[in-house]
Amino acid sequence: MDTIKKIRIKVRYAFPKFFFGGLAGLLWLLGVESFAQPITVAQWNGYTQSVPPADGQFKATTGTVANKDIAVLTRDATVANSNYAVNTDGVAASSGWNGADENEKYWIATFATTGYENLTLTSKQLGSNTGPVDFKIQYKIGLGDWTDLSGGIILVQNDNYTSGVVTDLELPAIMSDQSQVLLRWLCTSTVSIRGDAVASGGVNRLDVTVKGTAKSGVVDPKIVVSTSELRFNFQTQQKTVIISGENLTDPISVTSSNPSMFLPSVNSLPADASDITLDILFLGTVNVNATLTLSSGQASATINLTAVVSGTGDDGTEAYPYTVAEAQNNQGSSTAYYWVKGYIIGCIKYGSTSYNPELEAPFSSNTNILIADNPNENDKMKIVPVQLPAEDVAPGVRAGLNLFQNPGNFGKQVKIEGTLETYFGIPGMRNASAYSFDMTGIQSNNVSALTVFADKGTVFVRNLTEPVKIKVYDLTGKLIIQTAATEIPLAKGIYVVKAGMETFKVVNK
């Protein structure tokens, strides 16, 4: 059979990896789920407003859907709103601690833990010298009674959040999965930080973070991307990623760390995005790296963007497979799969742990082959070794390609899909997952003679073979002009010009 293809299974190496993975592997073999990662359930810090909230209620800046912009941190009812402030470090601050009687002066946070357990508290307090020194943290569920929190005795100082801190303090299990829980930081004396009575202007500042893990069946807010890596090989190449949001409340912001090289088609997606296509346009002409960050509240995802500029325009797809030389220049990903074309010129000798080639029959190994751009190649620096996985991992690939069982493959041209990683100590391909001896579908992606450039305030389009619509965009993706003219006056700036099916970046000085 000339063509073998298969559906890749991402957990193909799950058994051996977990088997040798210590405790995680043991838990996996015993059917115990891996530990969930904690997320921020509610957080009160990072305020940027120049004045405090008019009602004195500091809304959670980060948290779950039930808490973000909803859950409240505030003072006791005896304090007027004018006694609230936002400190320069972005945390809530309040005066009005003087004359404190038992259970009278306190901070109080009200929030939900629905769907979350294994809760922890990180609390940071700082005071002015005339502010209160003695606090204790208490909790209650709904309308229940206040209970002292174990480990919650606090001595606040004016020392840059060194003394008045609890870090990842475990909260009682009874607080898990509740529609309403309360924490309060109760002032327990009238003594100030400097040792005398608390003054009316004495200030206390409070920074709060509650974390937890999702209970089974609870979906954390997340952004799902179809790939964590995109590679580009020539100017104006455009690639696509599919984006979905899960349990988000805010729109998804899209940010390129290098928008002059990598331009996303939009800078925002809706919170309920479902399999939305996002295009990224490569505008550069040199090798460069960047990241594309997608964020919504505390959910985020990152896509690594890499450009390894190729003169041919091949991009590692099945229609435009890399040459062996291009495969050597595009090494480094264990998750992204690329197609490479070349001639089968031998294999690494059976049992070898380093580069030990067999470039003529008889061939001893069925676990790898060597490919090159030249069928008569013998230069190690121009050869790529290809790993042929076991049959249960990639059915038909090893059986169809190896030279030990198929000596007639020697000298044949083939295209193979796999990950581009070091193998036998040199640039190679691992995890071969598909192959084909049929080379008729390979196309050429050479750059056309069409040219777009800017000069003295005008963008020029040259060498059009037929009239087409020309569209000009700014770097935010906004359409500036659509025209059939080939000389377009524009203000100074950086633009993306699309002429027919081709796209160019121009700098109009």
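Exactly one residue among LYS341, LYS380 is in contact (Cβ under 8 Å) with a residue 40 or more places away in the chain, under 25 Å from ASP314 (Cβ atoms), surrounded by fewer than 15 Cβ atoms within 10 Å (Cβ to Cβ) and not assigned by TED's automatic domain parsing to the domain that holds GLY500, and that residue is LYS380. So which residues in the stretch 260-297 are in contact with a Lys or Arg (Cβ under 8 Å, 6 or more places away or on another chain), under 30 Å from VAL65 (Cβ atoms) and modelled with pLDDT under 90? Passing the criteria: only GLY297.
Within the stretch 71-84, the set of residues being part of a loop (DSSP other than H, G, I, E, B) and without any contact (Cβ under 8 Å) to a residue 40 or more places away in the chain comprises ASP76, ALA77, THR78, VAL79, ALA80.
Filtering the stretch 148-181 down to residues that are closer than 18 Å to LEU126 by Cβ and touching a residue at least 40 places away in the same chain (Cβ under 8 Å), which residue is surrounded by the most Cβ atoms within 10 Å (Cβ to Cβ)?
Start the filter on the stretch 148-181 by keeping residues that are closer than 18 Å to LEU126 by Cβ, which leaves 152-167, 169.
Subsequent filtering for residues that are touching a residue at least 40 places away in the same chain (Cβ under 8 Å) retains 156, 161, 164-167, 169.
Details: VAL156: 26, TYR161: 16, GLY164: 24, VAL165: 16, VAL166: 17, THR167: 10, LEU169: 17.
Among those that are closer than 18 Å to LEU126 by Cβ and touching a residue at least 40 places away in the same chain (Cβ under 8 Å), it is VAL156.
Please verify whether ASN129 is surrounded by fewer than 16 Cβ atoms within 10 Å (Cβ to Cβ), under 37 Å from the mean Cα position of the chain (by Cα) and not in a strand (DSSP E or B), treating the condition exactly as stated. No. For GLN138, the criteria (1) in contact with a Phe, Trp or Tyr (Cβ under 6 Å, 6 or more places away or on another chain); (2) surrounded by 21 or more Cβ atoms within 10 Å (Cβ to Cβ) hold in every case but one, which is (2). The combined condition, being polar (S, T, N, Q), under 25 Å from ASN81 (Cα atoms) and modelled with pLDDT of 95 or more, is not fulfilled by SER95. Once the stretch 469-499 is narrowed to residues that are under 18 Å from LEU450 (Cβ atoms) and among the polar types (S, T, N, Q), the residue that is modelled with the lowest pLDDT is THR486.
When you go through THR78, THR61 one by one, which is the residue that is modelled with pLDDT of 75 or more, out of contact with any Phe, Trp or Tyr (no Cβ under 8 Å at 6 or more places or on another chain) and of a type outside the set (Phe, Trp, Tyr)?
Values: THR61 fails: out of contact with any Phe, Trp or Tyr (no Cβ under 8 Å at 6 or more places or on another chain).
Among THR78, THR61, only THR78 is modelled with pLDDT of 75 or more, out of contact with any Phe, Trp or Tyr (no Cβ under 8 Å at 6 or more places or on another chain) and of a type outside the set (Phe, Trp, Tyr).
Of the residues GLY217, GLY245, the single one that is crowded, with 20+ Cβ neighbours inside 10 Å, modelled with pLDDT under 95 and closer than 23 Å to ASN67 by Cβ is GLY245.
Consider THR88 carefully, then state whether it is surrounded by fewer than 22 Cβ atoms within 10 Å (Cβ to Cβ) and free of Cβ contacts under 8 Å to residues at least 12 places away in the same chain. Judged against the criteria, THR88 is a match. Residues that are modelled with pLDDT of 80 or more and part of a loop (DSSP other than H, G, I, E, B) within the stretch 44-58 comprise ASN45, GLY46, TYR47, PRO53, ASP55, GLY56, GLN57, listed in sequence order. Please determine whether any residue of the stretch 422-442 is at pLDDT below 90 and part of a strand (DSSP E or B). There is no residue in the stretch 422-442 that is at pLDDT below 90 and part of a strand (DSSP E or B). Apart from one condition, LEU121 fits all of (1) of a type in the set (A, V, I, L, M); (2) within 29 Å of the chain's Cα centre (by Cα); (3) at pLDDT below 95; the exception is (3). Apart from one condition, ILE70 fits all of (1) buried (at least 22 other Cβ atoms within 10 Å of the Cβ); (2) within 30 Å of THR249 (Cα to Cα); the exception is (1). Within the stretch 42-83, the set of residues being touching a Lys or Arg at 6+ places or on another chain (Cβ under 6 Å) and of a type in the set (A, V, I, L, M) comprises just one member, ALA60.
Taking the condition part of a loop (DSSP other than H, G, I, E, B) and buried (at least 22 other Cβ atoms within 10 Å of the Cβ), does GLY195 pass? Steps first, please.
Details: part of a loop (DSSP other than H, G, I, E, B): yes; buried (at least 22 other Cβ atoms within 10 Å of the Cβ): no.
Judged against the criteria, GLY195 is not a match.
Among all positions in the stretch 182-198, there is at least one residue which is under 25 Å from ALA112 (Cβ atoms), under 34 Å from the mean Cα position of the chain (by Cα) and either in the same structural domain as LEU119 (by TED's automatic domain parsing) or of a type in the set (S, T, N, Q) (or both).
The values are calculated or read from the model by the stated rules, or taken from the named source; none is laboratory data. Keep in mind that this is a model prediction, so the values were computed, not measured. Positions of Cβ are generated from backbone atoms using ideal geometry, with glycine treated the same way; all protein chains shown enter the neighbour counts.
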